[in-house]
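Encoded as structure tokens, the structure appears first; notes follow it.
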Amino acid sequence: MSIEERFEERDVRVGDLKGVVMLPAGPARAGLVLSDGSGPATRDAWQVVPAWLAERGVATLRHDKPDTWRAQSFADRAAEALTALAVLRREAAVERAGLIGYSQGGWVALAAAVTAPDRVGFVVTVSGPAVTPAEQERVRMERAMRAAGLSPEVIEAGLRWADERAARLLAGEAPEAVLRAQAAQRAEPWHPHVADGPYATAEDLGFVARNAAFDPADLLPFLPCPILAIFGGADELVPVERSVAVLGERLSGRHRGRNGLIVVPGAGHMPPPERFLPVLGEFIDLMSA
């Protein structure tokens, strides 16, 4: 029997964005809005997760990111997630609903829950760092430079520029000016690992600047609902041990016994769904009881 025969998929709108609600065969016992990570993404990026959840009576909503995602702040993305949550509740006739965010989407889910504590029933993060964007990126860049065989001195120089760039953007310096200073160092061996990708244009740096002050550690004490945090033990992009420590230090005790944490051994930034979905199912069982 095909997915189409077992479940209903319904096209919806989340503001100006296209979305899809997947409904289980019977009444939904819970709902989840799926929030994507960084960069461009579409409503089809979540692989087997929506169908797996529908098998277990959980309705989901996934939606495209806007083409103008670089102009967004995390607050903008959190507002989108809350709009999507309202659409999901209406379409699935479900009250108990939460957010699941992958990577950057984990920050978005936390921001949405703290912004609207009466509207988010629970939060799930998959490879969502519990550190600032600057700290997470510093770890990613350092690991990339080490993997490329750069010397400790070159790595240190690259990280010095990453720290300076983050500080200048946080202080409000124009992204165009920071980009010019960065371009002047393009001959440095660290440049491809520190200055390319999400730092290569003024538009990219504008996105970084808009979100530079975000710190999930500031939000965790005020999280109004339980959280399940999922990490890959071999994630090269996220400081997993540090994130686990921050969660332990900063979460309040109000949901003790209902929060969850799993580190999937050997898994990377996108843990194979089959290795974390059973734990997600148990968490949703607890949330919908």
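The values are calculated or read from the model by the stated rules, or taken from the named source; none is laboratory data. Source: prediction; values computed, not measured. Glycine gets a Cβ as well: all are built from the backbone with ideal geometry, and neighbour counts include every protein chain shown. To get the accessible areas, we keep the full protein, side chains included, count just its heavy atoms, and leave off ligands, DNA and RNA. Shrake-Rupley method; radii C 1.70, N 1.55, O 1.52, S 1.80 Å.
Of note:
- Most mobile listed residue (130, 25, 111) in the chain, GNM with C-alpha springs under 10 Å: 25
- Overall form of segment 239-286 per C-alpha gyration tensor (a/c, 1.5; a/b vs b/c): oblate
- Helical contribution to [θ] at 222 nm, DSSP H n ≥ 4, -39,500 (n - 2.57), averaged over the chain, rounded to 500: -13500 deg cm²/dmol
- The alpha carbon centroids of segment 41-95 and segment 154-219 are separated by 30 Å.
- Accessible-area ranking of 254, 6, largest first, probe 1.4 Å: 254, 6
- Within the chain, no helix built from a complete DSSP H run reaches 30 Å or longer along its own axis (Cα positions) while carrying a mean Kyte-Doolittle hydropathy of 0.0 or higher.
- Mean separation of Cα contacts under 8 Å, 6 or more apart, over the residue count of the chain: relative contact order %: 18 percent
- For the residues 65, 18, a 1.4 Å probe over the protein chains yields an accessible-area ranking, largest first, of 18, 65.
- Once both labels are positioned 7 Å from their Cα atoms along Cα-to-Cβ, the gap between residue 289 and residue 204 label points is 4.7 nm.
- Using a simple spin-label model with pseudo-atoms 7 Å out from Cα toward Cβ, residue 151 and residue 38 lie 2.8 nm apart.
- Computed from label points 7 Å out along Cα-Cβ, the spacing between residue 68 and residue 274 is 4.3 nm.
- Anisotropy class of segment 34-190 from Cα gyration tensor, a/c 1.5 cut: prolate
- Per-residue extension of 0.36 nm, minus the Cα-Cα distance of residue 176 and residue 222, leaves a gain of 13.0 nm for this segment.
- Amide H within-cut-off set for residue 264, under 5 Å, with H built and near neighbours excluded: 231, 232, 233
- Using C-alpha pairs below 8 Å separated by at least 6 residues, the relative contact order for segment 107-204 is 24 percent.
- HN-Hα J in Hz across segment 6-18 - Karplus 6.51, -1.76, 1.60, θ = phi - 60°, x for Gly and Pro: 8, 10, 9, 10, 10, 6, 9, 10, 10, x, 8, 9, 7
- Working from the Cα coordinates of the chain, the gyration tensor eigenvalues give, after taking √(5λ), semi-axes of 35, 20, 18 Å in decreasing order.
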